[in-house]
Amino acid sequence: MQQELDIIELGRMILQFAVVPIIAFAWMHYKMTQGHAVEIAVIKTEFLLTKENHDRELKEIKDGLSNIFKKLDEIQRDMHK
């Protein structure tokens with residue numbers, strides 16, 4: 001009877017000091033990685049929006065410069081006539 005109580009007590013101590021802390025650590029780690037995954041997704045979305053805006057602005061600048069050069073070419077042709 002005493003030996004059975006010792007085995008039960010040993011099992012209880014193992015659960016209390018080994019298994020439960022490991023499970024708690026694993027749960028905490030899982031929650032932390034989920035938070036990081038969300039933050040990474042938000043950062044990626046912000047980056048893509050910024051990149052799209054930057055690309056759009058560059059396209060507008062290129063179009064503007066192209067129009068300016070066309071006008072300058074027209075002025076130069078008119079001057080040579």
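Please sort by residue number the trypsin sites (Lys or Arg not before Pro) in region 1-70 whose DSSP state is loop and whose Cβ has at most 14 other Cβ atoms within 10 Å.
On the way: sites: Arg12, Lys31, Lys44, Lys51, Arg56, Lys59, Lys62, Lys70; in loops: none.
Taking region 1-70 and a limit of 14 other Cβ atoms within 10 Å, no loop trypsin sites (Lys or Arg not before Pro) are found.
So what's the net charge close to Lys62: Lys and Arg +1, Asp and Glu -1, counting the other residues with Cβ under 13 Å from its Cβ? Working shown, then result.
Numbers: positive: Arg56, Lys59, Lys70; negative: Asp55, Glu57, Glu60, Asp63.
For residues surrounding Lys62, the net value is -1.
Count the lysine pairs in the chain whose Cα atoms lie under 25 Å apart, taking only pairs 8 or more positions apart in sequence or on different chains.
Within the chain, the lysine pair count is 10.
Kindly express, to the nearest 10 degrees and within the range 0 to 90, the angle between helix 20-80's C-alpha long axis and the longest C-alpha principal axis of the chain.
For helix 20-80, the angle is close to 0 degrees.
Above 22 angstrom, tally the Cα pairs of the chain and express them as a % of all pairs, no decimals. Could you put the intermediate results ahead of the total?
Values: 2196 of 3240 pairs.
Roughly 68 percent, once rounded to a whole number.
Within 10 Å of each candidate Cβ there may be at most 12 other Cβ atoms; applying that plus a DSSP loop requirement, which GluC sites (Glu not before Pro) in the chain survive? Numbers along the way, then the final one.
Numbers: sites: Glu4, Glu9, Glu39, Glu46, Glu52, Glu57, Glu60, Glu74; in loops: none.
Filter output for the chain: empty list.
FYI, it's all coordinate maths here, none of it is from the lab. Since we're looking at a predicted model, the values are computed, not measured. Positions of Cβ are generated from backbone atoms using ideal geometry, with glycine treated the same way; all protein chains shown enter the neighbour counts.
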